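Undergrad: Quick one: structure below, then a few questions.
The values are calculated or read from the model by the stated rules, or taken from the named source; none is laboratory data. In this text, all values refer to a predicted model and were calculated from it rather than measured experimentally. Methodologically, a virtual Cβ is constructed for each residue, glycine included, from the backbone with ideal geometry; neighbour enumeration extends over all protein chains shown.
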Amino acid sequence: MENKTRTLYMIPYIGWIILFVVAPIALVVYYSFFDIHGNFTVGNYGKFFTPVYLKMAISSFWYAFLITIISLAAAYPTAYLLTKTKHKQLWLLLIIVPSWVNLLLKAYAFIGIFGAHGAANQFLDIIGIGTKQLLFTDFSFVFVSVYIFIPFMILPIFNALDNLNPSLLDATKDLGASKWTTFRRVILPLTLNGVKSGIQVVFIPSLSLFMLTRLIAGNRVITLGTAIEQHFLVTQDWGMGSTIAVFLIIAMFLIMALTGFRRRGA
Amino acid sequence: MKKLMQAFIAVLLLSAVLLTAINRLNATEGYSGENTLTVFNWGDYIDMELVEQFEEETGITVIYETFDSNEAMLTKIQQGGTTYDIAVPSEYMVQKMMEEDLLVELDHSKIPNMKYLDERFMDLSYDPGNKYSLPYFWGTVGIVYNTKLLEGKEFSSWNDLWDPALENDILLVDGAREVIGMGLNSLGYSLNDTNRDHLQEAYEKLTKLTPNIKAIVGDENKLLMQNEEAAIAVVWSGDAADMMWENENLDYVVPEEGSNLWFDTFVIPKTAKNIEGAHQFINFFLDPEINALNTEYVSYSTPNKEALKYMPEDMVEDERFYPSPELTERLEVYENLGREHLAYYNDLFLEFKMYRK
Amino acid sequence: MGKKSAANIFLIFMFFILYAPIFYLIFYSFNSGGTMSGFDGFTWEWYEEIFQDTRLFIIVLNTVVIALLSALISTIIGVFGAIALRSLKQRQQQTLLALNNVLIVSPDVIIGASFLILFTFIGFQLGFYSVLLSHIAFSIPIVVLMVLPKLMEMSPSLVDAAKDLGANSWEVLTKVVLPYITPGIFAGFFMALTYSMDDFAVTFFVTGNGFTTLSVEIYSMARQGISLTINALSTILFLVTIVLVLIYYYLSQRSGVKGVNFRK
């Protein structure tokens with residue numbers, strides 16, 4: 001691409017990065033060096049390395065990992081099967097529509113569905129398993145989180161799969177490759193960018209999940225996002241909240257380095 | 001490309017139509033006019049029909065904006081950039097806002113109806129002389145329990161919660177002062193205790209409660225208790241009233257050791273432009289008849305003594321929500337403990353939550 | 001045959017789960033009991049209430065306008081940003097992408113608070129425009145992430161071939177690049193809509209002077225209990241959305257059949 005055109009395309013984007021990304025980061029880093037009395041300190045960073053926050057960091061990563069893996073496992077076949085349907089664009093849109101209903105309302109609905117007398121338990125009772133405590137468990141927390149993130153995973157994978165050249169698949173079949181080999185050697189590599197994009201848009205925000213940790217998990221799960229929210233809104237310790245945010249941003253940079261996109265032909 | 005252009009134009013057209021509709025509506029409702037009063041309140045915490053009556057009587061158009069926590073409201077008012085003529089913070093937040101010089105002093109001569117307020121709830125430590133705030137609603141912290149699920153078990157003390165028979169039965173409220181305060185109260189200490197040994201003792205005692213705790217929740221506690229998801233919850237009395245309205249198996253008690261006495265109050269923040277209208281608004285809602293109607297709508301306890309006369313008897317005589325003076329004696333208002341001690345409360349509470357499982 | 005029906009069952013199951021909470025909300029919008037627990041009887045009361053509430057109506061319109069405009073503008077900025085990103089060297093690209101994702105990893109309260117500080121610092125009036133700008137800002141990264149994989153898989157020889165045939169850069173863009181990445185652009189637009197509709201915390205902080213959106217209204221109702229009017233409202237919005245989606249699909253199919261030149 002010519003440099004002039006590129007610069008033109010870049011201007012609004014770079015402008016956005018400077019104003020709404022770099023400036024807030026600077027602000028967050030700045031705040032992270034102040035204690036609750038407004039004095040300069042590096043104590044917040046020391047505090048992050050205490051068992052309470054380390055444990056929180058580990059559990060955040062663990063749950064984000066679970067949510068991402070399960071989303072991927074459910075989204076890949078869904079996206080694949082969707083590309084085989086007759087009105088695939090319509091079905092895809094219908095996957096997105098539920099995400100436009102308010103999140104708090106949906107969470108309340110899940111409280112009802114997973115409740116002791118809710119539909120899920122009635123179903124378990126009918127099939128003979130008997131009622132179980134579903135609400136306030138890891139299961140329901142991961143389930144609802146996956147529910148929320150799954151459209152973000154399906155979309156890029158669908159777009160990648162939809163673009164596969166059918167003649168390519170026929171060719172591998174003609175060459176006598178098994179289904180698994182075709183998938184592993186042809187389909188997966190060609191959809192890898194879509195999968196990576198899906199992983200990024202699910203894993204990164206799940207690290208900072210909050211609200212669901214209280215609504216669905218009853219504070220049995222406490223993530224870094226919950227802690228940040230508490231520090232900003234309840235304890236008003238913006239310094240500590242910012243410090244955790246700095247760690248989240250660093251963690252995200254590392255993930256990006258691990259899952260970088262590859263250009264075709266590069 | 002054609003598809004993209006079509007979509008682009010369709011979205012633009014739709015937005016333009018909607019924007020015109022919004023402007024029309026705002027104009028007909030008077031929101032874009034001169035004589036407006038912006039009220040910053042909790043969602044659904046006032047009877048809108050009474051607000052309309054206020055608008056008719058005074059010719060002022062009320063713009064109603066909402067917040068979901070005291071701290072979020074504080075941040076908005078601190079930063080400015082927008083107009084709020086009235087805000088409704090809780091009492092501990094009033095104190096904080098006073099300290100940060102965010103409030104306008106009330107002109108008592110413009111609020112004659114304040115004489116109807118119960119002296120018990122006036123001139124308290126958070127705002128001596130009520131220079132900046134007047135109580136809007138008040139309440140307690142206590143235990144809500146399901147008599148059907150617990151088969152007639154009664155509660156009178158905080159210590160009853162530690163009963164091993166109540167395993168995985170209790171919902172706590174997600175607030176550091178409430179939970180640590182419950183620990184302190186159960187040991188006979190004050191809610192405003194800052195003695196580190198006492199706090200540590202309360203923390204130790206609370207960790208023994210963990211097997212009984214089902215979840216630590218927020219506003220969804222109402223839904224959970226109505227659905228009989230748990231048998232017991234530690235709640236604010238306002239929430240308790242809402243729950244009991246929906247589920248008749250529920251009962252509420254303020255433990256005998258004492259508990260918290262809280263207020264939501266009217267204040268005029270420094271962001272106010274229509275200070276005259278703000279006084280009119282406060283005075284209007286302190287009118288006994290108006291106040292009675294509003295109380296029936298909100299269903300919290302009103303501090304307006306005269307308004308009680310206009311309310312249904314069974315509401316006023318309900319000792320659970322209008323406790324006797326002997327009990328109110330034992331209730332404590334949260335004092336501002338200062339950042340240092342509050343941070344300690346919060347750290348203890350975070351640790352308590354982290355090591356629950 | 002057996003395989004096909006297994007596939008169908010899986011898809012039906014996925015759709016069932018995605019729509020279950022929504023049908024739950026719709027069901028309770030007809031509850032005369034007043035809350036989402038215990039169905040007491042059928043009523044239209046909550047629907048009637050909506051039509052008497054002009055304030056709520058304005059709030060809904062605000063929400064939709066903000067969502068549409070912010071998604072549109074963020075899609076434009078994001079698409080051009082992504083196209084430019086693609087042609088950068090690996091190192092620069094990685095750095096910009098990392099910056100791109102900062103807003104996705106930051107919890108809403110931090111974004112909200114820092115945008116609020118930003119706006120008040122430069123003396124920007126809080127209201128419609130500050131909310132619109134913020135929504136554009138936090139939607140751009142998701143657009144970039146949705147468009148980028150499509151761009152990455154586009155063969156460079158495609159662009160070169162077009163140039164060899166004498167296309168200028170505008171033609172390359174509108175005749176080659178944009179048609180190729182159209183699915184990514186739509187994905188970005190729809191996900192930006194989702195971000196905007198769902199956002200509570202950022203909007204709360206940067207709004208002011210009477211401007212409110214539906215999520216701010218719903219979240220601040222939580223303490224008093226969310227009224228079933230909101231369920232009724234969500235039901236109507238949901239049905240309208242479904243109808244719009246069907247109309248949109250029907251129209252796009254028709255124009256597609258006529259042989260308009262685009263790759264899906």
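Undergrad: Suppose we keep only residues that are of a type in the set (S, T, N, Q) and more than 15 Å from the chain's Cα centre (by Cα) within the range B:50-74. Which one would you say is farthest from the other protein chains (Cβ to nearest Cβ)?
TA: Step by step, filter the range B:50-74, then rank; the result is B:Thr58.
Undergrad: Check off (1) under 20 Å from the mean Cα position of the chain (by Cα); (2) under 17 Å from B:Phe54 (Cβ atoms); (3) in a helix (DSSP H, G or I) for B:Ala278 and give me the number that stays unchecked.
TA: Result: B:Ala278 fails condition (1) only.
Undergrad: While we're on this one: Counting only residues that are of a type in the set (S, T, N, Q) and within 30 Å of C:Ile77 (Cα to Cα), how many does the range A:2-42 have? Show your work before the answer.
TA: Here is the first cut: in the range A:2-42, the residues of a type in the set (S, T, N, Q) are A:3, A:5, A:7, A:32, A:39, A:41.
Pick out the ones that are also within 30 Å of C:Ile77 (Cα to Cα) and you get A:3, A:5, A:7.
Counting residues in the range A:2-42 that are of a type in the set (S, T, N, Q) and within 30 Å of C:Ile77 (Cα to Cα) gives 3.
Undergrad: Restricting to the range B:129-161, name every residue that is under 21 Å from B:Ile180 (Cβ atoms) and not in a loop (DSSP other than H, G, I, E, B).
TA: B:Gly139, B:Thr140, B:Val141, B:Gly142, B:Ile143, B:Val144, B:Trp158, B:Asn159, B:Asp160, B:Leu161
Undergrad: Are any residues in the range C:103-156 under 27 Å from C:Leu88 (Cα atoms), more than 17 Å from the chain's Cα centre (by Cα) and touching a residue at least 12 places away in the same chain (Cβ under 8 Å), and if so, which ones?
TA: C:Leu148, C:Pro149, C:Lys150, C:Leu151, C:Met152, C:Met154
Undergrad: Could you list, in sequence order, all residues of the range B:302-357 that are at pLDDT 95 or above, of a type in the set (S, T, N, Q) and in a loop (DSSP other than H, G, I, E, B)?
TA: Once the filter is applied, which keeps residues that are at pLDDT 95 or above, of a type in the set (S, T, N, Q) and in a loop (DSSP other than H, G, I, E, B), the range B:302-357 yields only B:Thr302.
Undergrad: Regarding A:Gly15, is this residue more than 11 Å from chain C (Cβ to nearest Cβ) and out of contact with any helix residue (DSSP H, G or I) (no Cβ under 6 Å at 6 or more places or on another chain)?
TA: Judged against the criteria, A:Gly15 is not a match.
Undergrad: Let me ask something else about it. If the requirement is being over 30 Å from B:Leu206 (Cα atoms), surrounded by fewer than 22 Cβ atoms within 10 Å (Cβ to Cβ) and not hydrophobic (A, V, I, L, M, F, W, C), which of these qualifies: B:Asn294, B:Asn247, B:Asn283?
TA: That would be B:Asn283, the only listed residue that is over 30 Å from B:Leu206 (Cα atoms), surrounded by fewer than 22 Cβ atoms within 10 Å (Cβ to Cβ) and not hydrophobic (A, V, I, L, M, F, W, C).
Residue by residue, here is whether (1) touching a Leu at 6+ places or on another chain (Cβ under 8 Å); (2) at pLDDT below 95 holds:
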residue	(1), (2)
C:Ala7	yes, yes
C:Met14	no, no
C:Ile17	no, no
C:Gly34	yes, yes
C:Thr43	no, yes
C:Phe51	no, yes
C:Ile66	yes, no
C:Ser70	yes, no
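Undergrad: A further question follows. Determine which member of the set B:Glu246, B:Glu229, B:Glu220 is under 22 Å from the mean Cα position of the chain (by Cα), at pLDDT below 95, more than 30 Å from A:Gln236 (Cα to Cα) and not assigned by TED's automatic domain parsing to the domain that holds B:Ser90.
TA: B:Glu246
Undergrad: Quick check, is B:Ile77 among the β-branched types (Val, Ile, Thr) and either more than 10 Å from chain C (Cβ to nearest Cβ) or closer than 21 Å to B:Ile268 by Cβ (or both)?
TA: Details: among the β-branched types (Val, Ile, Thr): yes; either more than 10 Å from chain C (Cβ to nearest Cβ) or closer than 21 Å to B:Ile268 by Cβ (or both): yes.
Judged against the criteria, B:Ile77 is a match.
Undergrad: Hey, among the residues in the range A:46-88 that are within 11 Å of chain C (Cβ to nearest Cβ) and touching an Asp or Glu at 6+ places or on another chain (Cβ under 9 Å), which one's farthest from A:Phe203 (Cα to Cα)?
TA: Of everything passing the filter in the range A:46-88, A:Lys88 is farthest from A:Phe203 (Cα to Cα).
Undergrad: So, one more: Can you spot a residue in the range C:199-217 that is of a type outside the set (Gly, Ala, Ser), within 12 Å of chain B (Cβ to nearest Cβ) and without any contact (Cβ under 8 Å) to a residue 40 or more places away in the chain?
TA: Yes, the range C:199-217 has at least one match.
Undergrad: Here is a check on your reading of the model: is A:Phe149 within 22 Å of A:Asn219 (Cβ to Cβ), within 8 Å of chain C (Cβ to nearest Cβ) and either modelled with pLDDT of 90 or more or assigned to a helix (DSSP H, G or I) (or both)?
TA: Here the answer is no, as A:Phe149 does not meet what is asked.
Undergrad: If you don't mind, another one. Report the residue count in the range C:40-92 for those that are in contact (Cβ under 8 Å) with a residue 12 or more places away in the chain, touching a strand residue (DSSP E or B) at 6+ places or on another chain (Cβ under 9 Å) and not hydroxyl-bearing (Ser, Thr, Tyr).
TA: The number of residues fulfilling the criteria is 2.
Undergrad: If you don't mind, there's one more thing I want to ask. Using the structure shown, decide if A:Leu190 is modelled with pLDDT under 90, more than 22 Å from C:Thr194 (Cβ to Cβ), more than 14 Å from chain B (Cβ to nearest Cβ) and crowded, with 17+ Cβ neighbours inside 10 Å.
TA: Criteria met by A:Leu190.
Undergrad: Which one of these is within 13 Å of chain B (Cβ to nearest Cβ) and at pLDDT 90 or above: C:Thr174, C:Thr182, C:Thr194? Write out each step before concluding.
TA: Working: C:Thr174 fails: at pLDDT 90 or above; C:Thr194 fails: within 13 Å of chain B (Cβ to nearest Cβ).
Answer to the check: C:Thr182.
Undergrad: What about A:Gly198, is it out of contact with any Gly (no Cβ under 9 Å at 6 or more places or on another chain), away from chain B (no Cβ under 14 Å) and surrounded by 24 or more Cβ atoms within 10 Å (Cβ to Cβ)?
TA: Judged against the criteria, A:Gly198 is a match.
Undergrad: Do we have any residue at all in the range C:51-63 that's over 25 Å from B:Phe67 (Cβ atoms), more than 11 Å from chain A (Cβ to nearest Cβ) and in a helix (DSSP H, G or I)?
TA: Yes.
Undergrad: Could you run through the range A:218-239 and say how many residues are of a type in the set (Gly, Ala, Ser) and in contact with a strand residue (DSSP E or B) (Cβ under 8 Å, 6 or more places away or on another chain)?
TA: Total satisfying the criteria: 2.
Undergrad: Residues that are in contact (Cβ under 8 Å) with a residue 24 or more places away in the chain and either surrounded by 14 or more Cβ atoms within 10 Å (Cβ to Cβ) or not assigned by TED's automatic domain parsing to the domain that holds B:Gly129 (or both), at least 3 per element: which helices (runs of 4 or more DSSP H) completely within the range B:1-116 meet that?
TA: So the answer is B:48-58, B:70-79, B:91-99.
Undergrad: When the range B:176-216 is examined, which residues are found to be crowded, with 17+ Cβ neighbours inside 10 Å and either part of a loop (DSSP other than H, G, I, E, B) or among the small types (Gly, Ala, Ser) (or both)?
TA: B:Ala176, B:Gly181, B:Gly183, B:Ser186, B:Tyr189, B:Leu191, B:Asn192, B:Asp193, B:Ala202, B:Leu209, B:Ala215
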